[in-house]
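Enquirer: Shown below is the structure under consideration.
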Amino acid sequence: MPAKSNKKKEKPKAAGKAAEKKQVQAARKEAPKKAQAAKKPAGSPASEADRTEIMKKQLLKYRQDILSEAKREIGKYAKGDNKQLVDTALDDGDWSVVDLSEDISLRQLSAHMENLKKIDEALRKLSEGTYGICEECGEDISMERLKVMPFAIYCRDDQERKEMLEAMEREQVF
């Protein structure tokens, strides 16, 4: 048998080393991407677009829930649910219960209207790209806060400061 040439063996080794080198380079390129993905907490949105879409869905769901509740409250008036209270009112005590019941219903509707305005404002900010930015300091509002109150316009610190000032003002009035 003729002796095998070393040249044939070197070519596959050289080709193998080139392929191995390409794999190492590809792995180096992928390492930062994998590290970045590993840094994201579990359950966090993959991108700003995903975060925006999640918050938009949450705001729209919250808006729909408020509208449904408001429609039920208005439906009570249309059906005359309070009419039974009015018909059975005999004295001033009964009339005060009727007035109190109507006042509570009207306050709930007013609160629903305010929340709807806030949600619509948050949806506008989402479309403009300014959603989740504190109106006082310009810092990002935490995702935890936005999940609890999706129409928040202040970060936690500025909201607390604002509430303290309002409490001090109320105390000064009395």
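Condition check ((1) modelled with pLDDT of 90 or more; (2) exposed (fewer than 11 other Cβ atoms within 10 Å of the Cβ)) across all residues:
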residue: Leu67; (1), (2): yes, no
residue: Val86; (1), (2): no, no
residue: Asp92; (1), (2): no, yes
residue: Ser101; (1), (2): no, no
residue: Ile119; (1), (2): yes, no
residue: Glu128; (1), (2): yes, yes
residue: Ala152; (1), (2): yes, no
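Enquirer: On the basis of being among the charged types (D, E, K, R), under 14 Å from the mean Cα position of the chain (by Cα) and assigned to a helix (DSSP H, G or I), does Arg170 make the cut? Let's see the steps before the verdict.
Expert: Values: among the charged types (D, E, K, R): yes; under 14 Å from the mean Cα position of the chain (by Cα): no; assigned to a helix (DSSP H, G or I): yes.
The answer is no for Arg170.
The values are calculated or read from the model by the stated rules, or taken from the named source; none is laboratory data. As the structure is a computational prediction, the values presented were derived from the model and not from experiment. Neighbour counts run over all protein chains shown; Cβ positions are idealised from the backbone, glycine included.
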